[in-house]
Amino acid sequence: MSAADRRLASAASAPVLRCTNLGHSFGAARVLEGVEVRIDPGEVVAVMGPSGSGKSTLLHLLAGLLRPDTGRVEFAGQRIDDLPDRARSDLRLRRMGFVFQFGDLVPELTLAENVALPVRLSGGSRRDARNRAVEVLDQLGVGDVAGRRVSEVSGGQAQRAAVARALVHNPDVVLADEPTGALDTVTGELVLEALVAAATARGAAVLLVTHELAVASWAGREIHLRDGRVSAVGAPA
């Protein structure tokens, strides 16, 4: 095996996200302490815990939105917590997708325009961005409302568009923070099914931050946080 082949094999086997001895505080409040997490390519992992356990802070640290006080964060084998802000922003734009509880779509834009944003911001042409947006919206079952604004669609349709936006640039990992928290049970289940199916079909890993057992059941593995520490790791109950 050549040196180039060894490097490729090493990159392929590296976890898409990993943190080691991660610790973080907000002022005098210690939020996370000694947290270690590994997420492999194509894996679906749920991070669970009560309110205030550090779930969202962990997601923000793994995404490079925050810098840890202690420990390190790696993406595809590369340390990212010590990268400059611009480099971390570019990494998020090109290789990560995000879904939040309330979607965070731009209300003045159509669903297709919202979904096209990551492609356009990465330098893609307007036509390519539009075509890719419509394609993913179709796959998620909301292509028929691609030309409508957020106020003109249901909450479930808007959240599917948020999922489409997270996937349109084929990221390595999708980080979802309470992605069904603003939806009713039936709609939330449909959105979550679409998220996991579409992401894994593209080979993307998924990190679900949730306090709901029904959401965590879609994961292959659960990580439980309590008082800022990992209290348990294992398969869903």
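The values are calculated or read from the model by the stated rules, or taken from the named source; none is laboratory data. Please read these numbers as outputs of a predicted model, since none were measured by experiment. Every residue, glycine as well, gets a Cβ built from its backbone with ideal geometry; the counts of neighbours run over all protein chains shown.
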What number of residues within the stretch 113-142 are under 22 Å from the mean Cα position of the chain (by Cα), part of a helix (DSSP H, G or I) and not charged (D, E, K, R)?
-> 13
For the stretch 98-112, state whether one or more residues are surrounded by fewer than 17 Cβ atoms within 10 Å (Cβ to Cβ), in contact (Cβ under 8 Å) with a residue 60 or more places away in the chain and hydrophobic (A, V, I, L, M, F, W, C).
-> yes
Among (1) of a type in the set (S, T, N, Q); (2) under 24 Å from Asp138 (Cβ atoms); (3) free of Cβ contacts under 8 Å to residues at least 60 places away in the same chain, which single condition is Gln159 missing?
-> (3)
Listed residues Glu193, Glu222, Glu189; which is in a strand (DSSP E or B) and either of a type in the set (Val, Ile, Thr) or in contact (Cβ under 8 Å) with a residue 12 or more places away in the chain (or both)?
-> Glu222
Which is modelled with pLDDT of 90 or more and not hydroxyl-bearing (Ser, Thr, Tyr), of Glu189, Glu222?
-> Glu222
Any residue in the stretch 162-183 that's touching a residue at least 24 places away in the same chain (Cβ under 8 Å) and more than 22 Å from Val145 (Cβ to Cβ): show its pairings with residues that are basic (Lys, Arg) and surrounded by fewer than 22 Cβ atoms within 10 Å (Cβ to Cβ) at Cβ separation under 7 Å, as long as the two are six or more apart or on different chains.
-> Asn170/Arg202; Pro171/Arg95; Asp172/Arg95
For residues that are within 18 Å of Leu59 (Cβ to Cβ) and part of a loop (DSSP other than H, G, I, E, B), scanning just the stretch 172-186, find the one that is modelled with the highest pLDDT.
-> Asp172
Filtered residue count, the stretch 204-217, keeping only those that are modelled with pLDDT of 90 or more and surrounded by fewer than 19 Cβ atoms within 10 Å (Cβ to Cβ) = 1
Matching residues in the stretch 99-118 - criterion: being among the hydrophobic types (A, V, I, L, M, F, W, C), farther than 17 Å from Asp138 by Cα and touching a helix residue (DSSP H, G or I) at 6+ places or on another chain (Cβ under 6 Å) = Val99, Leu105, Val106
